[in-house]
């Protein structure tokens, strides 16, 4: 597959991941039209990180790996929403609340990534 085909594979995975994230945000009980629920943001980021850890070990076919790792995981997880949520928390509750949210999100994502890799190697 040439590089343009691989770009298409990544784009298709991104669309699938973004639609999955939008569906999760849509059913999240704490979400509003202007702001997703903090737990929903954390959930999609942790799921994306765990799947990425697993896929990096298990998927060897290059198009499939790019679809899942770069496309789907990149689309389902959302660093930009995490940043907006962090700014909103800073505005509402101060630096401590925002710092706790960001640190917990990063720690959970790293833990999920490591767990995904461990699951893949068993």
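The values are calculated or read from the model by the stated rules, or taken from the named source; none is laboratory data. The shown structure was predicted, so the numbers you read here are calculated from the model rather than taken from an experiment. Positions of Cβ are generated from backbone atoms using ideal geometry, with glycine treated the same way; all protein chains shown enter the neighbour counts.
The set of residues from the range 1-14 being without any contact (Cβ under 8 Å) to a residue 24 or more places away in the chain and part of a loop (DSSP other than H, G, I, E, B) comprises just one member, 2. Quick check on residue 17: is it part of a helix (DSSP H, G or I), surrounded by 13 or more Cβ atoms within 10 Å (Cβ to Cβ), at pLDDT 95 or above and touching a helix residue (DSSP H, G or I) at 6+ places or on another chain (Cβ under 9 Å)? Judged against the criteria, residue 17 is a match.
Regarding residue 68, is this residue assigned to a helix (DSSP H, G or I), touching a helix residue (DSSP H, G or I) at 6+ places or on another chain (Cβ under 8 Å), under 26 Å from residue 1 (Cβ atoms) and at pLDDT 95 or above? So residue 68 fits the description; yes. Quick check on the range 26-58: of everything there that is assigned to a helix (DSSP H, G or I) and over 18 Å from residue 109 (Cα atoms), which residue is modelled with the highest pLDDT? The extreme case among them is 58.
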